[in-house]
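The values are calculated or read from the model by the stated rules, or taken from the named source; none is laboratory data. As the structure is a prediction and not an experimental result, all values here were calculated from the model. Cβ atoms come from the backbone with ideal geometry, glycine included; neighbour counts cover every protein chain shown.
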């Protein structure tokens, strides 16, 4: 029997990834103290000093020990400025130090991948975990939701330009950790914000976005997504390295069958022979030959020339179709993406793909989910590259369309967090990076409906009728022309019984609701215009 539950519309309302660092703080007993009035310093000897800050004559908060003199000032907009004058070498700064544990129940929203959500009691007391920004985190923040979503606590690094920092958590506590060596007689300053907000996690994201937006504008980090990419439904994903014998006819058949939906074919593995068993490869290869989708420092493999180049040239010749190819930053020892040598190498590879294979789109792998140097410098360097480009993962400063297909590959995944923060950014969701495990009829078309609900474009290796239906619905409602902005569940009483829905506002502020209902063989999909307070049909 098909569930006919109808969500009601209401007025808008307000373990390889984990870095286990429990040993760092083992042996520290909690003490009474207000949040934000203590910090912890690690010295070169490995010892930790926890400093409780007290008001001085100038009403600043100060403390000192053998390692440093510390001053904490409160500035505008709920921002704290922490100044450290080192007396001996300081190896790490942990701030603010939450000496009194928060009591359960509460929910943590953590900015890893596209977001994670988990209960505060799922980690042990003083069993610190966390990841770093830039890298695994798309922003240096953590959100704690209490009282069933009626109150929210936001902690985030507020340095500008952003610096390297890890966001740490254990049971009842959260903190920022800077692994920044401060030599004797030197000083360093760290800024952070602690904001308590009436409302749920979305209100905390709104507060962070409001803080970030003017800084992005001042840094001229504007969205450069070209109109053709904004208007596209995504791309057909062709993994060349998975073909034992390359056949340009298979590429032609796929593109021809789906030309009414996808005018963009994106290739991986153009540097590689077949990546499966070596005895099946054509041309033959040795067992130790480097193969794979994502090789670096390689030229176009000879088995794709000239057939793929000829096909691509013909495919893009009408001016409205796109053929994209794989690239990645240099894995240089310094890993500084913005260095002249690294940028020159990436541009040279892009020129090779444009001349040898007639590519007119570039994918830059790993850049959004790894540390390639100072975040602002990386984002500024990306701005100098062609607009016809998208990247892997999301980063708060990288105003580029992002591939997020691996966002659901952890048990506590909550990509609504990243989607709501980057609510205008173009994203691609589909079969790459493990997303294929939730793709197709065998898996209830789970990944396809996630793309529908998040307003994401498709990364489709095996396109199917549900993909076609979603694209048809979007065309009927002129979806991409309206530049929809993701609003999560605003305007919706959270649906139940297997029904899912999300809301969007178009460029004119008109509300659109996307609905996925359970079906017997496949989900039932709807787009509802300006529902107001009435029930969905």
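Every residue, every condition in (1) assigned by TED's automatic domain parsing to the domain that holds residue 268; (2) out of contact with any strand residue (DSSP E or B) (no Cβ under 8 Å at 6 or more places or on another chain); (3) crowded, with 18+ Cβ neighbours inside 10 Å, yes or no:
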position: 301; (1), (2), (3): yes, yes, yes
position: 314; (1), (2), (3): yes, yes, no
position: 326; (1), (2), (3): yes, no, yes
position: 355; (1), (2), (3): yes, yes, no
position: 363; (1), (2), (3): yes, no, yes
position: 367; (1), (2), (3): yes, no, yes
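Somewhere in segment 125-134, is a residue touching a helix residue (DSSP H, G or I) at 6+ places or on another chain (Cβ under 7 Å), at pLDDT 95 or above and on the phi < 0 side of the Ramachandran plot?
The answer is yes; a qualifying residue exists.
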Within segment 243-260, does at least one residue satisfy the condition of being assigned to a strand (DSSP E or B), more than 16 Å from residue 431 (Cβ to Cβ) and in the same structural domain as residue 398 (by TED's automatic domain parsing)? yes
Does segment 306-319 contain any residue that is part of a loop (DSSP other than H, G, I, E, B), at pLDDT below 95 and more than 32 Å from the chain's Cα centre (by Cα)? yes
Tally up the residues in segment 407-427 that are outside any helix (DSSP H, G or I), in contact with a strand residue (DSSP E or B) (Cβ under 6 Å, 6 or more places away or on another chain) and under 18 Å from residue 503 (Cα atoms), please. 4
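Results for (1) surrounded by fewer than 19 Cβ atoms within 10 Å (Cβ to Cβ); (2) farther than 30 Å from residue 230 by Cβ; (3) at pLDDT 95 or above, shown as yes or no for each residue.
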{"site": "243", "(1), (2), (3)": "no, yes, yes"}
{"site": "250", "(1), (2), (3)": "yes, no, yes"}
{"site": "256", "(1), (2), (3)": "yes, no, yes"}
{"site": "262", "(1), (2), (3)": "no, no, yes"}
{"site": "268", "(1), (2), (3)": "no, no, yes"}
{"site": "271", "(1), (2), (3)": "no, no, yes"}
{"site": "281", "(1), (2), (3)": "no, yes, no"}
Residues being within 17 Å of residue 184 (Cβ to Cβ) and assigned to a loop (DSSP other than H, G, I, E, B): count how many of those fall in segment 47-78. 4
Checking residue 337 against (1) within 30 Å of residue 211 (Cβ to Cβ); (2) modelled with pLDDT of 95 or more; (3) buried (at least 19 other Cβ atoms within 10 Å of the Cβ), the condition it does not meet: (2)
Just name the residue that is nearest to the chain's Cα centre (by Cα) out of those in segment 401-424 that are surrounded by fewer than 20 Cβ atoms within 10 Å (Cβ to Cβ) and either modelled with pLDDT of 95 or more or under 25 Å from residue 264 (Cα atoms) (or both). 406
